[in-house]
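One structure is given below, encoded as structure tokens.
The values are calculated or read from the model by the stated rules, or taken from the named source; none is laboratory data. Just so it is clear, the structure is predicted and the values come from calculations on it, not from any experiment. All Cβ positions, glycine included, derive from the backbone under ideal geometry; neighbour counts span all protein chains shown. These area figures cover heavy atoms from the full protein model, side chains too; ligands, DNA and RNA do not enter into them. Shrake-Rupley method; radii C 1.70, N 1.55, O 1.52, S 1.80 Å.
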Amino acid sequence: MNIDERGRPWTDSGGGPIVVIPAELAEHWRGTLPPVGAEVPEGWSWGTPGGPECDYDRACDPSVSEATPFGGFGWVEVQGQPVLVLDSEIHTWFEADEADSGGGILVRSSADGADEDPGSVPVQSWHTVGSDVISLSDGRLYMFDSAYNGAADPEQIQAFDGVAVIELGAGHWRVDFATNRDAVDFVRFRPSEARRGGAAAQP
């Protein structure tokens, strides 16, 4: 598992998006492999017109997304649940919130000299993009190169630059996004209560 010198989980990609997927869904992520049961034409590979759409294809063109100067945010569905994708080959790490509320922030590095401090984000800049809450039963997120297939055990995921395991805890987590003045992208996870019927409550 990837842990930097400051104890932060991190990963990168070989050129495409990064997927941030609940641990309980990770074994269903197929990367550039065809979907289970799909009819595969001879000579098929990911992105081939007329063939099946693989998970990597979907990560490269999510149905819900927001572009940013050096990256972007988006969502795809896996087993009917929202899964986060982060556009572009960008070194990404997770900084845990040491406060009692828990959670933390994904930071995506950018140009040399950029301000990568989450505190550099104006309060009013935080916003949602599509899904605003994810539910975790296992309590962990796996973050890795979306071109690779996942697994229930992160040690079995053979992704470019390895796997980051993010420990949030079981429950509902509100997801917000922001980009600071230096064009650095951030994703924030905070505890959230769920309303009756599964809709997200306001934090």
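Can you spot a residue in segment 37-45 that is under 22 Å from the mean Cα position of the chain (by Cα), touching a residue at least 12 places away in the same chain (Cβ under 8 Å), open to solvent by 60 Å² or more (accessible area, probe 1.4 Å) and farther than 23 Å from residue 140 by Cα?
Checking segment 37-45: not a single residue is under 22 Å from the mean Cα position of the chain (by Cα), touching a residue at least 12 places away in the same chain (Cβ under 8 Å), open to solvent by 60 Å² or more (accessible area, probe 1.4 Å) and farther than 23 Å from residue 140 by Cα.
Out of the residues in segment 167-187 that are charged (D, E, K, R) and either free of Cβ contacts under 8 Å to residues at least 24 places away in the same chain or within 21 Å of residue 97 (Cβ to Cβ) (or both), state the one that is most open to solvent (accessible area, probe 1.4 Å).
That would be 167.
Which of (1) loosely packed, with under 15 Cβ neighbours inside 10 Å; (2) modelled with pLDDT of 95 or more; (3) not charged (D, E, K, R) is the odd one out, the single condition residue 164 does not satisfy?
(1)
Within segment 97-105, is even one residue in contact with a His (Cβ under 6 Å, 6 or more places away or on another chain), more than 21 Å from residue 26 (Cα to Cα) and among the polar types (S, T, N, Q)?
no
Name every residue in segment 63-95 that is in contact (Cβ under 8 Å) with a residue 40 or more places away in the chain and in a loop (DSSP other than H, G, I, E, B), in order of residue number.
Of everything in segment 63-95, those that are in contact (Cβ under 8 Å) with a residue 40 or more places away in the chain and in a loop (DSSP other than H, G, I, E, B) turn out to be 69, 70, 79, 87, 88, 89, 90, 91.
Count, please, the residues in segment 1-31 that happen to be more than 20 Å from residue 153 (Cβ to Cβ) and surrounded by 11 or more Cβ atoms within 10 Å (Cβ to Cβ).
Residues meeting the conditions: 7.
Which of (1) on the phi < 0 side of the Ramachandran plot; (2) modelled with pLDDT of 95 or more does residue 104 not meet, given it meets every other one?
For residue 104, the exception is condition (1).
For the list (1) part of a loop (DSSP other than H, G, I, E, B); (2) without any contact (Cβ under 8 Å) to a residue 40 or more places away in the chain, I need the number of the one condition that residue 115 fails.
Failed condition: (2).
Can you name every residue in segment 105-148 that is under 24 Å from residue 57 (Cα atoms), among the polar types (S, T, N, Q) and crowded, with 20+ Cβ neighbours inside 10 Å?
Matches in segment 105-148: 146 only.
When residue 49 is evaluated against the numbered criteria (1) assigned to a loop (DSSP other than H, G, I, E, B); (2) in contact (Cβ under 8 Å) with a residue 12 or more places away in the chain; (3) open to solvent by 30 Å² or more (accessible area, probe 1.4 Å); (4) not β-branched (Val, Ile, Thr), which criterion, by number, is the only one it fails?
The number of the failed condition is (2).
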